[in-house]
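The values are calculated or read from the model by the stated rules, or taken from the named source; none is laboratory data. The model shown is predicted, which means the values in this text are computed figures rather than measured ones. So basically every Cβ, Gly included, is an ideal-geometry build from the backbone, and we count neighbours across all protein chains shown. These accessible areas exclude ligands, DNA and RNA; they are computed on the full protein's heavy atoms, side chains included. Shrake-Rupley method; radii C 1.70, N 1.55, O 1.52, S 1.80 Å.
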Amino acid sequence: MNLTFELAAGPIAAISNDDRLVADRPLPSDPELVLLVPGFTGSKEDFLPLLRPLAGAGYRAIAFDQRGQYQSGWADHSDGYRLDALAAEVCELADQLNPAGIALHLVGHSFGGLVSRAAVLAQPGQFTDLVLMGSGPAAIQGDRRFRIEQGAAVLAESGMHALWEVMKAGSQADPRYVRLAPVLDAFLRERFLTTDTAGLKAMGNILLSEPDRCTELAAQALPILVLHGVDDDSWPPPVQAAMARALSASYTVIESAAHSPAVENPPATAAALIEFWQH
């Protein structure tokens, strides 16, 4: 089900599993809520494979495009892409979705994990728990950092179309590259090229500069799950494992997955989420 939420800064595009065609059986009349926050260059579609299993387990799940991403409205000013502004929109959306104050589970993937962490720190009583999926404690490092820095230079000099071609060439040079179906390749291109350039720059800068806030987050005593693919190439698995220890969090590694376990191994990812929420 496609949805649009009107927030103070403009419309936000979302998808939901609250549709009787998605689940094998109807959702409960008052289901627990799951809010799914995508990562850098991502979108709501990154969570599509999770919608049916979460509906089957009785959860109403909503995934959305963050401000400036894909089908959501762009910010009027670069301040709209500050981390605190993006986090405030997560909180605003949560308010709209959950006026009755039932259980609300927050899931942030990669950059979306940094945004979700900031949302929890801003409004700690608003969320039942937090899942950090393929995310990290602070600024990204290693090869991913190099690619973001390289991409920023290409973007500044040549624009979004040139950056897309550089990113595509880099993916195809990876020994693990698998040729995509034409329809998926076209979708990824469209999604990237409809992203606000200012938003992309701002999100990249956050990924390069975010401080470690684990001490602040741990002080909230909120149930947390750190989850990543066994072959994650963003924040290295040992870094994410150390973050889980610092947060006294549950910790799950998804086999046969890398940085996007919701897409690469949805059955195991959905099962891990449901187990965490029902534990």
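What's the FRET efficiency of residue 209 with residue 251 using the Cβ-Cβ distance as r and R₀ = 25 Å, to the nearest 0.05? The formula returns an efficiency of 0.45 here. Spin-label pair residue 198-residue 168: with each label point 7 Å from Cα along the Cα-Cβ axis, the two points sit 2.8 nm from one another. Contact order, relative form, for the chain: 19 percent (alpha carbon pairs under 8 Å, 6 or more residues apart, mean separation divided by residue count). Simple rule: put +1 on each Lys or Arg Cβ and -1 on each Asp or Glu Cβ in the chain, find the dipole, and look at 251, 120, 169; the Cα lying farthest toward the positive end is 169. Net charge within 12 Å of residue 11 by Cβ-Cβ distance, Lys/Arg positive one each and Asp/Glu negative one each, not counting residue 11 itself? Surrounding charge for residue 11 is -2. Note on residue 141 and residue 100: with the Förster distance fixed at 30 Å, the Cβ-Cβ geometry gives a FRET efficiency of about 0.10. Taking Cβ atoms as reference points and 14 Å as the exclusive limit, the residues near residue 151 contribute a net charge of +1, counting Lys and Arg as +1 and Asp and Glu as -1.
Where does region 74-169 land on Rg/Rh, using Cα atoms and the Kirkwood Rh?
Ratio value, two decimals: 1.07.
How would you classify the chain from its alpha-carbon gyration tensor, with a ≥ b ≥ c the square roots of the eigenvalues: rounded for a/c under 1.5, else prolate if a/b is greater than b/c, otherwise oblate? Verdict is rounded for the chain. Quick one: net charge of residue 103's neighbours, Cβ under 11 Å, K/R +1, D/E -1? That sum, taken over residues with Cβ under 11 Å, equals -2. The share of accessible area on region 1-136 that comes from carbon and sulfur is 51 percent, using a 1.4 angstrom probe. Relative contact order for region 117-274: 32 percent, from Cα pairs under 8 Å spaced at least 6 residues apart, divided by residue count.
Output the antiparallel fraction of DSSP beta bridges having both residues in the chain, as a percent to the nearest 5. Of those bridges, close to 25 percent are antiparallel. Protein heavy-atom accessible surface, 1.4 Å probe, per residue over region 155-279: 52 Å².
Computed FRET efficiency, Cβ-Cβ of residue 156 and residue 231, R0 41 Å: what is it to the nearest 0.05? Could the numbers behind the result be given before it?
Values: r = 31 Å, r/R0 = 0.77.
Computed FRET efficiency for residue 156 and residue 231: 0.85.
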